[in-house]
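Asks: Got a structure for you, written out below as structure tokens; questions coming shortly.
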Amino acid sequence: MAKQGFAPVVLPVLAVLIVAAFPAAAEAVQSIGVCYGVNGKNLPPASDVVKFYRSKGINSMRIYFADRNALRALSGSNIGLVMDVGNENLDDFATKPSAAAAWVQQNVKAYPGVSFRYIAVGNEVTGSETDNILPAMKNLRDALSAAGLGGIKVSTAARFDVIANSYPPSNGFFNDDYMRYIAQFLSTTGAPLLVNVYPYFAYSGDSEHISLNYATFQPGTTVTDDGNGLTYTNLFDAMVDSIYAALDDAGTPDVRLVVSESGWPSAGGFGASVGNASTYNQGLIDHVRGGTPRKPGPLETYMFAMFNENKKQGDETEKHFGLFNPNKSPAYNIRFH
Ligand SMILES: *[C@@H]1O[C@H](CO)[C@@H](O)[C@H](O)[C@H]1NC(C)=O
């Protein structure tokens with residue numbers, strides 16, 4: 001099938017965290033985490049949420065701001081954490097090193113019991129604000145180092161559409177220079193690039209050219225990339241490998257990739273159903289420990305999201321990305337292991 005449809009996909013702003021973590025075979029690398037967003041009524045208190053993650057064997061979480069309740073609940077939990085710096089802080093962080101330093105003291109240094117993994121400077125930042133990302137990352141990194149927390153990696157969570165020419169995957173490159181400079185900074189600091197990857201939006205935006213099976217890890221479609229001879233059996237791999245191609249093109253093939261969000265809505269729009277969501281998300285969990293054709297091996301991935309959030313803005317589907325309902329009943333059945 002011709003699959004050129006996923007380059008111009010517009011990704012809605014997803015304000016929740018999905019980080020589902022399951023112990024991988026060797027238990028060294030956690031492939032799956034789940035994002036924990038709080039834009040809903042009647043969500044359980046953070047202390048319950050952390051217990052719930054642990055009861056499901058989910059060992060990694062992403063949160064979208066320095067949420068005091070979550071940070072307190074996570075202390076001593078051993079759950080690896082990706083924490084966002086809210087987009088509203090970027091301007092301050094970029095222009096005032098003291099703002100980054102104060103934020104680090106208040107939200108990172110104050111929680112020695114939290115297993116911080118990465119701090120994401122901005123989530124799906126667009127427009128002129130993108131100019132603030134790298135200076136903010138640098139100031140945050142300096143602030144962490146000065147606080148004796150230099151082991152916590154600083155990154156940013158990009159939208160997939162920072163990639164141009166994602167088909168075939170080997171043609172991918174960054175469509176704006178600011179991403180190249182960010183990639184170079186990540187290469188220097190040994191931090192991964194975080195990207196939100198949604199085959200759902202590619203599929204729902206172009207279902208004439210993209211088959212449902214290809215989008216949901218089901219058999220039936222194979223695509224050979226003439227650029228590198230690799231064969232693709234699902235859209236997720238093709239999207240991820242186009243990001244690796246872009247990192248290569250930027251001269252930073254050493255930068256590791258983390259999928260900071262991926263998921264499928266169970267209601268609210270085209271292709272959004274319990275059946276499709278469970279097929280995609282189970283496929284994702286089962287798939288990412290093996291990696292992609294270009295980069296075999298565990299791919300650290302954060303599912304979006306733990307709960308359905310009825311106060312999320314945007315398209316109706318935004319409210320239905322949860323693996324669980326606010327009362328902790330499953331939205332559909334999923335095995336994390
Ligand atoms: C998945 O979505 C398609 C529409 O794209 C729909 O026709 C199909 O019934 C859905 N499958 C399931 C299992 O819900």
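The values are calculated or read from the model by the stated rules, or taken from the named source; none is laboratory data. Bear in mind the structure is a predicted one, so any value in this text is a computation, not a measurement. Reconstructed Cβ throughout: ideal geometry from the backbone, glycine too, with neighbour counts over all protein chains shown. Please note that ligands, DNA and RNA were not included when accessible areas were found on the heavy atoms of the full protein model with its side chains. Shrake-Rupley method; radii C 1.70, N 1.55, O 1.52, S 1.80 Å.
Asks: Rolling a 1.4 angstrom probe over the protein chains, ignoring ligands and nucleic acids, what is the accessible area of Y167 in square angstrom, nearest 10?
Replies: 80 Å²
Asks: In whole Hz, what ³J(HN,Hα) sequence does region 78-90 give by Karplus (6.51, -1.76, 1.60; θ = phi - 60°), x for Gly and Pro?
Replies: Calculated HN-Hα couplings, in order: 6, 7, x, 10, 9, 10, 7, 8, x, 4, 5, 8, 4 Hz.
Asks: Which residues' amide hydrogens lie under 5 Å from the amide hydrogen of D84, considering only partners 5 or more residues apart or on another chain, with H built in the peptide plane?
Replies: I63, Y64, F65, A120
Asks: 222 nm [θ] for the chain, helices only, -39500 (n - 2.57) per DSSP H run of 4+, per residue, to 500?
Replies: Value at 222 nm, helices only: -9000 deg cm²/dmol.
Asks: With the cut-off at 1.5 for a/c, could you classify the chain from its C-alpha gyration tensor as rounded, prolate or oblate?
Replies: Numbers: a/c = 1.61, a/b = 1.17, b/c = 1.38.
Cα axes put the chain in the oblate bin.
Asks: Below 8 Å, C-alpha to C-alpha, sequence gap of six or more: please give me the relative contact order for the chain in percent.
Replies: With pairs under 8 Å counted, the relative contact order is 22 percent.
Asks: Determine ³J(HN,Hα), in whole Hz, for all residues of region 200-211 in sequence, where each value follows from phi through the Karplus function 6.51 cos²θ - 1.76 cosθ + 1.60 and θ = phi - 60°; x replaces Gly and Pro.
Replies: Listing the rounded values in order: 4, 5, 5, 5, 5, x, 7, 6, 6, 9, 10, 7 Hz.
Asks: Can you work out the FRET efficiency for the pair T224 and F270, with r the C-beta to C-beta distance and R0 = 25 Å, to the nearest 0.05?
Replies: On the way: r = 28 Å, r/R0 = 1.13.
The calculated FRET efficiency here is 0.35.
Asks: Within 10 Å, count the other beta carbons around each residue, average over each peptide in 192-198, 168-174, 289-295, and list them highest first. Working shown, then result.
Replies: Details: 192-198: 24.4, 168-174: 21.7, 289-295: 17.9.
Order by mean packing, descending: 192-198, 168-174, 289-295.
Asks: Subtract the Cα-Cα distance of T95 and A110 from 0.36 nm times their separation in residues, and report this length gain in nm to one decimal. Could the numbers behind the result be given before it?
Replies: Values: separation 15, 0.36 × 15 = 5.40 nm, distance 2.35 nm.
Extra length available between T95 and A110 comes to 3.1 nm.
Asks: Where nothing but the Cβ of Lys and Arg (+1) and of Asp and Glu (-1) is charged, how large is the charge dipole of the chain around its Cα centre, in debye to the nearest 20?
Replies: 1360 debye
Asks: Label points 7 Å out from Cα along the Cβ direction at E88 and S329: separation in nm?
Replies: Each label point is offset 7 Å from its Cα along the Cβ direction, giving 3.4 nm.
Asks: For I32, what residues show an amide H to amide H distance below 5 Å, using hydrogens built from the backbone and excluding near sequence neighbours?
Replies: F22, T301
Asks: Using the crude model of +1 on Lys and Arg Cβ and -1 on Asp and Glu Cβ, and no other charge, please compute the dipole size for region 275-337 relative to its Cα centre, in debye to 20.
Replies: Values: 8 positive and 6 negative charges, 41 e Å.
In debye, rounded to 20, region 275-337 gives about 200.
Asks: Give me the distance in nm between label points sitting 7 Å out from Cα along the Cα-to-Cβ direction at H209 and N42, one decimal.
Replies: 4.2 nm
Asks: 7 Å from Cα along Cα→Cβ at both K311 and A102: what's the point-to-point distance in nm?
Replies: It works out to 2.5 nm between the two label points.
Asks: Which percent, to the nearest 5, of DSSP beta bridges fully inside region 33-320 are antiparallel?
Replies: Numbers: 5 of 30 bridges.
Antiparallel bridges: around 15 percent, rounded to the nearest 5.
Asks: What does the charge count near A158 come to, summing +1 for each Lys or Arg and -1 for each Asp or Glu among other residues with Cβ under 13 Å from its Cβ?
Replies: Result for the local shell: -4.
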